Amino acid sequence: NRGGESAAAEATLQEISDLERSGDPAWRRCTRLNLQAAICHHQSRFEESACLLEQQQAQLLAAPGEHSALIGCRSNLCVILNCLERHDEALAIARSALQQHGGATGASSYLRFQLLHAQIALDRIDEARRTLRDAVPVWRRDSLLLFGGFAVAEMLACCGRQADAARVEAAAMAHVRSSGVRLQQLQQMARMRVLRALDAAGATPADLERWQ
């Protein structure tokens, strides 16, 4: 349950704080900020999470050779910014990070999801199409296509491809159920927008059953 998970995370946070030393490398010193941000995210305290991740980003930017930790931090920050509907900021950070770090790390796959979320929310559909086209091979490589299925379904719904959107949403939801992982806030938001788009398009239960 959420209470148990939060209590365990808080206990781990205290252990990390006790072990922290001023001479530690930046990535290690940022572990505490990262966990604090994750706890806030888990508890839907998005503003606090964003502040912590911005602090982490500033520390990593000031330290040489922290590229992997930095791209992970920026990916997490984009998640929170999209949850807060600060899509312009999420788009700018995701685009900058991808330009600087490319597709060499697994975190770049998650950044592409955040870029897609922001572009759709800002109604930059042509840009979102290009992001989706470029990202699919990377997501397949990293076995993340179904993880981001709700964003893909939302993109398809925006393009008027309701049947495809319904199929992808159903596959993504089946993946969530089979994996036993709780639906994340941003995934839930994208899923609800897909369902609303299908309803607005007049899709009936019979249509959804046939398409899925």
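The values are calculated or read from the model by the stated rules, or taken from the named source; none is laboratory data. Please read all numbers here as calculations on a predicted model, not as lab measurements. Positions of Cβ are backbone-derived with ideal geometry, glycine not excepted, and every protein chain shown enters the neighbour counts. Keep in mind that these areas ignore ligands, DNA and RNA; they rest on the heavy atoms of the full protein, side chains included. Shrake-Rupley method; radii C 1.70, N 1.55, O 1.52, S 1.80 Å.
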Check: When you go through 69, 63 one by one, which is the residue that is of a type outside the set (Ser, Thr, Tyr) and not in a helix (DSSP H, G or I)?
Finding: 63
Note to self: I'd like to know if region 37-51 contains one or more residues that are open to solvent by less than 40 Å² (accessible area, probe 1.4 Å), polar (S, T, N, Q) and farther than 13 Å from residue 186 by Cα.
What the structure shows: yes
Note to self: Condition first: farther than 11 Å from residue 150 by Cα and part of a loop (DSSP other than H, G, I, E, B). Now tell me which residues in region 173-183 satisfy that.
What the structure shows: 180, 181, 182
Notebook entry, point to check: Failed condition for residue 203, given (1) in a helix (DSSP H, G or I); (2) surrounded by 16 or more Cβ atoms within 10 Å (Cβ to Cβ); (3) of a type outside the set (Phe, Trp, Tyr), with all others met?
Noted result: (1)
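Residues checked against (1) part of a helix (DSSP H, G or I); (2) crowded, with 21+ Cβ neighbours inside 10 Å:
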{"site": "109", "(1), (2)": "yes, yes"}
{"site": "113", "(1), (2)": "yes, yes"}
{"site": "117", "(1), (2)": "yes, yes"}
{"site": "120", "(1), (2)": "yes, yes"}
{"site": "123", "(1), (2)": "no, no"}
{"site": "136", "(1), (2)": "yes, no"}
{"site": "144", "(1), (2)": "no, no"}
{"site": "150", "(1), (2)": "yes, yes"}
Next item on the list: Might you check whether a residue that is touching a residue at least 12 places away in the same chain (Cβ under 8 Å), open to solvent by 70 Å² or more (accessible area, probe 1.4 Å) and closer than 19 Å to residue 112 by Cβ occurs anywhere in region 58-79?
Entry: yes
Next item on the list: Determine whether residue 86 is charged (D, E, K, R) and either touching a helix residue (DSSP H, G or I) at 6+ places or on another chain (Cβ under 7 Å) or buried (at least 24 other Cβ atoms within 10 Å of the Cβ) (or both).
Entry: no
Note to self: If I filter region 164-172 for residues that are under 15 Å from the mean Cα position of the chain (by Cα) and under 19 Å from residue 82 (Cβ atoms), do I get at least one hit?
What the structure shows: yes
Notebook entry, point to check: Quick one: in region 169-188, which of the residues that are surrounded by 18 or more Cβ atoms within 10 Å (Cβ to Cβ) and aliphatic (A, V, I, L, M) is nearest to residue 139 (Cα to Cα)?
Noted result: 172
Check: Pairs under 9 Å by beta carbon, first residue more than 14 Å from residue 70 (Cα to Cα) and hydrophobic (A, V, I, L, M, F, W, C) in region 17-46, partner modelled with pLDDT of 70 or more and not in a helix (DSSP H, G or I), six or more apart or different chains?
Finding: 39/45; 46/84
